[in-house]
1. Can you say whether VAL170 is open to solvent by less than 20 Å² (accessible area, probe 1.4 Å), touching a residue at least 12 places away in the same chain (Cβ under 8 Å), closer than 23 Å to GLY21 by Cβ and not basic (Lys, Arg), as far as the supplied structure shows?
2. Pairs under 7 Å by beta carbon, first residue over 18 Å from ALA133 (Cβ atoms) and without any contact (Cβ under 8 Å) to a residue 60 or more places away in the chain in the range 80-109, partner part of a strand (DSSP E or B) and among the charged types (D, E, K, R), six or more apart or different chains?
3. Is it the case that some residue within the range 138-147 is open to solvent by less than 30 Å² (accessible area, probe 1.4 Å), modelled with pLDDT of 95 or more and in contact with an Asp or Glu (Cβ under 8 Å, 6 or more places away or on another chain)?
4. Please indicate, with yes or no, whether at least one residue in the range 164-174 is modelled with pLDDT under 95, at positive phi and not hydrophobic (A, V, I, L, M, F, W, C).
5. Looking only at the range 34-72, count how many residues are at pLDDT 80 or above, part of a loop (DSSP other than H, G, I, E, B) and open to solvent by 50 Å² or more (accessible area, probe 1.4 Å).
6. Please go through the range 85-142 and give me each residue that is within 13 Å of the chain's Cα centre (by Cα) and among the hydrophobic types (A, V, I, L, M, F, W, C), ordered by number.
7. Return yes or no: is THR125 of a type in the set (S, T, N, Q), open to solvent by less than 40 Å² (accessible area, probe 1.4 Å) and more than 25 Å from ALA40 (Cβ to Cβ)?
8. If I go through the range 1-29 residue by residue, how many of them are modelled with pLDDT of 75 or more and within 14 Å of the chain's Cα centre (by Cα)?
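The values are calculated or read from the model by the stated rules, or taken from the named source; none is laboratory data. Just so it is clear, the model here is predicted, and its values are computed rather than measured. In this analysis, Cβ positions are derived from the backbone assuming ideal geometry, glycine residues included, and neighbour counts consider all displayed protein chains. Areas reflect the complete protein model, heavy atoms only, side chains present, ligands, DNA and RNA absent. Shrake-Rupley method; radii C 1.70, N 1.55, O 1.52, S 1.80 Å.
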Amino acid sequence: MKPTPSQTIGPFYGYALPFPGGGDLATGGITVHGYVYDGAGEPVPDALLEFWQADPSGDLSGKPGTLRRDPVNGAVIGRHGLDFTGFGRVPTEADGRYGLRTLMPGNGYISVCVFARGLLHHLFTRVYFDRGAAFLDTLPPERRETLVARPEREGVYRFDIHLQGEKETVFLDFG
């Protein structure tokens, strides 16, 4: 039998999963950017990140159907930019960098799913904007900092993801 993608080391998602404007959930809000690093501290140039979040009021329902398709070939050509879906998907660049433009979530965090080479299963984490979130209090101080976005300037936050090592990001188990 031939191995399936979940049994081998990828990435297999770079061909069809990223879409134009995948990191542009909203304009005029905030920017979250950073890098994905492997266990040796090297940037991961071929990770894929998915983001889910609440809108500014805390509503998680989002709006379906905001992607535009080419009427001739059905290819995704980007978002129509009117409805806030609460979902984004971005690949990392060659230097491991990613960027997301969105609105500040009303519940205080953005959920992140990480797909990357060497991972047979995706990883879940969160980007928190307030150190006072109740969930963070359940973690040791040095670990909780791996979930908090650092403000760089008005409306711009940095959030790096470390897959392993001394700075490893806290990953969540929803099993």
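1. It is false that VAL170 is open to solvent by less than 20 Å² (accessible area, probe 1.4 Å), touching a residue at least 12 places away in the same chain (Cβ under 8 Å), closer than 23 Å to GLY21 by Cβ and not basic (Lys, Arg).
2. Filtered contacts from the range 80-109: HIS80/ARG68.
3. Looking for residues that are open to solvent by less than 30 Å² (accessible area, probe 1.4 Å), modelled with pLDDT of 95 or more and in contact with an Asp or Glu (Cβ under 8 Å, 6 or more places away or on another chain), one finds at least one in the range 138-147, hence yes.
4. yes
5. Number of matching residues: 9.
6. Within the range 85-142, PHE87, VAL90, LEU100, ILE110, VAL112, CYS113, VAL114, PHE115, ALA116, LEU123, PHE124, VAL127 meet the criteria.
7. Answer is no for this residue.
8. Here the count works out to 5.
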